[in-house]
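Asker: Before I ask anything, here is the structure I am working with.
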Amino acid sequence: MTFGFAPSAATSVSTPADSVSRLARMLEPAEWAEAGIPLLRNPREVVSGLHSRHRPTPATAVVAVLDHEERLAASASFAPRAAPVDGWEFRNALLAHLRRVIPHDLRRRTPVRTAVLLYCREGDERWTEEDGAWMWGLRDACTLHGLRCGAYITLTRGGWQVLGEGRGGRRPNSESPPAALAETLADPDPSPVRSGGGAVEVLRRTAAR
């Protein structure tokens, strides 16, 4: 299966050394698919719930912590400051907001809570370098806060997409009004497979190990 790629929405003038460092702090879709990210049982419910609570607009990140039954334990939304795309900067922002909303689990031998990231952005569902930097930042922030690294989800005009899994839908999207929270818990329909993220079978095999 092939992946779609698009140029990053955030660019700036930088030195070659800076560019190499930033490229090292991002994950490509194949790397993410092989990282053993746990599958969400009901991604549509998670996405709709976060969309209703935080009403994200483009360039807004929503980080959420789910318990072992996939119930929301805490969440926070923020707009990252304008800067070159860098997983290290994104990691620091995510970690700062996690520390504000939920205690760390570093004393546990095995993480029991999972952090997921919903990022509302311009563009289409294809992976960008900015997505790769967010993936790196989420994985590193989870390690430093004692959490399992969960799904990375993009929200665009075309809908939502769980990158690396191929699951997504048309609503909610970056332009749709948020639904009432009660409605987000009553949609039993399975999520359709979208072509942009791919690698869902790889993730299923990894998660089953």
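The values are calculated or read from the model by the stated rules, or taken from the named source; none is laboratory data. In this text the structure is predicted, and so the values were computed from the model without any measurement. Please note: Cβ atoms are built from the backbone with ideal geometry, for glycine as well, and neighbour counts cover all protein chains shown. The area values use the complete protein model at the heavy-atom level, side chains included, leaving out ligands, DNA and RNA. Shrake-Rupley method; radii C 1.70, N 1.55, O 1.52, S 1.80 Å.
Asker: Go through (1) over 15 Å from the mean Cα position of the chain (by Cα); (2) buried (at least 20 other Cβ atoms within 10 Å of the Cβ) for S52 and report which single condition fails.
Answerer: (2)
Asker: Right, next: Please verify whether P29 is crowded, with 16+ Cβ neighbours inside 10 Å, farther than 23 Å from R126 by Cβ and at pLDDT below 95, treating the condition exactly as stated.
Answerer: Considered against the rule, which asks whether it is crowded, with 16+ Cβ neighbours inside 10 Å, farther than 23 Å from R126 by Cβ and at pLDDT below 95, P29 comes out as no.
Asker: Next question, about the same structure. If the Cβ limit is 7 Å and pairs must be 6+ apart or interchain, which residue in segment 35-62 that is in contact (Cβ under 8 Å) with a residue 40 or more places away in the chain and β-branched (V, I, T) pairs with which residue that is assigned to a helix (DSSP H, G or I) and crowded, with 21+ Cβ neighbours inside 10 Å?
Answerer: Going by the 7 Å Cβ cut-off, the qualifying pairs are I37/L203; V62/L50.
Asker: Which residues, counting only those in segment 76-118, are in contact (Cβ under 8 Å) with a residue 40 or more places away in the chain and charged (D, E, K, R)?
Answerer: D86, E89, R91, R99, D105, R113
Okay, residues lined up against (1) within 30 Å of P177 (Cβ to Cβ); (2) part of a helix (DSSP H, G or I); (3) open to solvent by less than 10 Å² (accessible area, probe 1.4 Å):
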| site | (1), (2), (3) |
| --- | --- |
| R41 | yes, no, no |
| P56 | yes, no, yes |
| T110 | no, no, no |
| G123 | yes, no, no |
| R139 | no, yes, no |
| C142 | no, yes, yes |
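Asker: For segment 64-75, state whether one or more residues are modelled with pLDDT under 95, open to solvent by 60 Å² or more (accessible area, probe 1.4 Å), of a type in the set (A, V, I, L, M, F, W, C) and over 20 Å from G159 (Cβ atoms).
Answerer: No, segment 64-75 contains no residue that is modelled with pLDDT under 95, open to solvent by 60 Å² or more (accessible area, probe 1.4 Å), of a type in the set (A, V, I, L, M, F, W, C) and over 20 Å from G159 (Cβ atoms).
Asker: In a strand (DSSP E or B), out of contact with any helix residue (DSSP H, G or I) (no Cβ under 6 Å at 6 or more places or on another chain) and in contact (Cβ under 8 Å) with a residue 40 or more places away in the chain: is that true of A73 in this structure?
Answerer: yes
Asker: Could you tell me how many of the residues in segment 144-169 are among the hydrophobic types (A, V, I, L, M, F, W, C) and assigned to a loop (DSSP other than H, G, I, E, B)?
Answerer: Selection size over segment 144-169: 2.
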